[in-house]
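Below: one structure, written as structure tokens.
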Amino acid sequence: MRLRNRHGRMNPVLRLVAVVLAFVAASAAFAQGWPDRPIKFVVAAPAGSSIDVLARLIGEKLKDRLGQPVIVDNRPAAGGTAATDFVAKSAPDGYTMLMSFNGPLAFAPHLFSKLPYDPQKDLAPVVITSSQPNVLAVTASLPVRSVRELVDYAKASPGKLSYASVGNGSSSHLTMELLKTTAGIDIVHVPFNGSPPAVTATVQGETQLMFAVMQPLQAQVQAGKLRPLAVTTAKRFPLLPDLPTIAEAGYPGFEALAWNGVLVAAGTPRPIVERLNAEINATLKDASVKSALNAQGFELIGGTPDDFAHLIRSESDKWAPVIKRTGAKVD
């Protein structure tokens, strides 16, 4: 291959290679000094929510592993899409991380007529942190003790029951919409900004039922103020073995998991993404972390950035026709 053409200019292919090599070298050099200042950890949910608990525990461990403060910044607006958009538009330097979940990452493109970011183009996945079933829970005053009794009760009083969700476009929202279409029941949706107010509304009877991960429900279940009926895994969840699945109630194939993970802005140097991935994976394997989070119903996952990218793509493809079938829309 000729290095230069007859006009003395460098071959365009070699010029491109030189640019790429220079960029890689610059990225590696930048990553070697990273981090040298505090890191902002944006959480797409309010303080006290399940992923806030997860993010704060991970952030505390990362502080020690990276040698810099990790500052949690809760931005729960717009069902988590505001936080996700904020990080998608942040500087791609590894100093702004995101803890997000399937709502803003896999559901939102099919729920919003126009989304200000593309989850698969504007963000770089770092690692899947956890996956959990949603738990179907009812307020203690509702006279039902199984999914079948709930369905019969709802059919006898169409439109009289209301359910809380942790936000428009969340797994909490869409799982109930899937149950409504699957079971043929009419229940009114009341969205809240995160799990704390949604759980409070259900405990107080303002709404009568909800789907949520176990962590925000646990204290109220133990106090007898909420009654769990079922989980949304295909098979019984090992961390909640006494709860039957929705499928066992006569709806085979019903499955809806809530998952979350850490991302950064697209264009963040790959060495930084890989460093974060390694440190968070190590944190998820820490015995004290695993014990504390398993006790709250978290199944810790970990893995590679590519594993997370694949999950976002596959879940988006899986839920697109479901969302279309339920008719769920946010705007």
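One table, with the values for the structure above:
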{"quantity": "So ILE246, is it buried (at least 17 other Cβ atoms within 10 Å of the Cβ), farther than 28 Å from GLY59 by Cα and at pLDDT 95 or above", "calculated": "yes"}
{"quantity": "In the range 150-164, the residues that are under 14 Å from ALA183 (Cβ atoms), touching a strand residue (DSSP E or B) at 6+ places or on another chain (Cβ under 8 Å) and not aliphatic (A, V, I, L, M)", "calculated": "TYR163"}
{"quantity": "Selection count, the range 155-168, where residues are farther than 19 Å from PRO191 by Cβ and not charged (D, E, K, R)", "calculated": "3"}
{"quantity": "Residue list for the range 294-310, restricted to those being closer than 23 Å to PRO238 by Cβ, open to solvent by 10 Å² or more (accessible area, probe 1.4 Å) and modelled with pLDDT of 90 or more", "calculated": "LEU300, ILE301, GLY303, ASP307"}
{"quantity": "Helices (runs of 4 or more DSSP H) enclosed by the range 143-253 - at least 2 residues per element that are β-branched (Val, Ile, Thr) and more than 27 Å from SER291 (Cα to Cα)", "calculated": "147-156, 171-183, 195-203"}
{"quantity": "Conditions (1) crowded, with 18+ Cβ neighbours inside 10 Å; (2) over 14 Å from VAL53 (Cα atoms); number of the one not met by ALA278", "calculated": "(1)"}
{"quantity": "Residue among VAL199, VAL262, VAL231 that alone is of a type in the set (A, V, I, L, M, F, W, C), modelled with pLDDT of 95 or more and within 30 Å of LYS121 (Cβ to Cβ)", "calculated": "VAL262"}
{"quantity": "Filter pass, GLY250 being touching a strand residue (DSSP E or B) at 6+ places or on another chain (Cβ under 9 Å) and on the phi > 0 side of the Ramachandran plot", "calculated": "no"}
{"quantity": "Single condition VAL87 does not satisfy, out of (1) in contact (Cβ under 8 Å) with a residue 60 or more places away in the chain; (2) open to solvent by 10 Å² or more (accessible area, probe 1.4 Å)", "calculated": "(2)"}
{"quantity": "Lone unmet requirement of (1) closer than 29 Å to GLU279 by Cβ; (2) touching a residue at least 40 places away in the same chain (Cβ under 8 Å); (3) open to solvent by 10 Å² or more (accessible area, probe 1.4 Å) for PHE107", "calculated": "(3)"}
{"quantity": "Given (1) on the phi < 0 side of the Ramachandran plot; (2) in contact with a strand residue (DSSP E or B) (Cβ under 7 Å, 6 or more places away or on another chain); (3) open to solvent by less than 10 Å² (accessible area, probe 1.4 Å); (4) of a type outside the set (S, T, N, Q), index of the condition GLY167 fails", "calculated": "(1)"}
{"quantity": "Count of the range 276-305 residues which are part of a helix (DSSP H, G or I) and without any contact (Cβ under 8 Å) to a residue 24 or more places away in the chain", "calculated": "6"}
{"quantity": "Complete set of residues in the range 79-116 that are aliphatic (A, V, I, L, M), within 14 Å of the chain's Cα centre (by Cα) and closer than 16 Å to LEU174 by Cβ", "calculated": "LEU105, ALA106, ALA108"}
{"quantity": "Residues of the range 207-225 that turn out to be surrounded by 15 or more Cβ atoms within 10 Å (Cβ to Cβ) and either touching a Gly at 6+ places or on another chain (Cβ under 7 Å) or not aliphatic (A, V, I, L, M) (or both), as a count", "calculated": "10"}
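Condition check ((1) open to solvent by 50 Å² or more (accessible area, probe 1.4 Å); (2) at pLDDT below 95) across all residues:
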{"site": "PRO158", "(1), (2)": "yes, yes"}
{"site": "SER172", "(1), (2)": "no, yes"}
{"site": "THR182", "(1), (2)": "yes, yes"}
{"site": "ILE187", "(1), (2)": "no, no"}
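Here's the yes/no breakdown for (1) surrounded by 15 or more Cβ atoms within 10 Å (Cβ to Cβ); (2) touching a Lys or Arg at 6+ places or on another chain (Cβ under 8 Å):
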position	(1), (2)
ARG37	no, no
LYS40	yes, no
SER49	yes, no
ASP52	yes, no
LEU57	yes, no
GLY67	no, no
VAL72	yes, yes
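The values are calculated or read from the model by the stated rules, or taken from the named source; none is laboratory data. Owing to the predicted nature of the structure, the values given are computational and were not obtained by experimental measurement. Because the Cβ atoms are built from the backbone with ideal geometry, glycine has one as well, and the counts that use them run over all protein chains shown. Just so you know, the surface numbers come from the protein's heavy atoms only, side chains and all, with ligands and any DNA or RNA stripped out. Shrake-Rupley method; radii C 1.70, N 1.55, O 1.52, S 1.80 Å.
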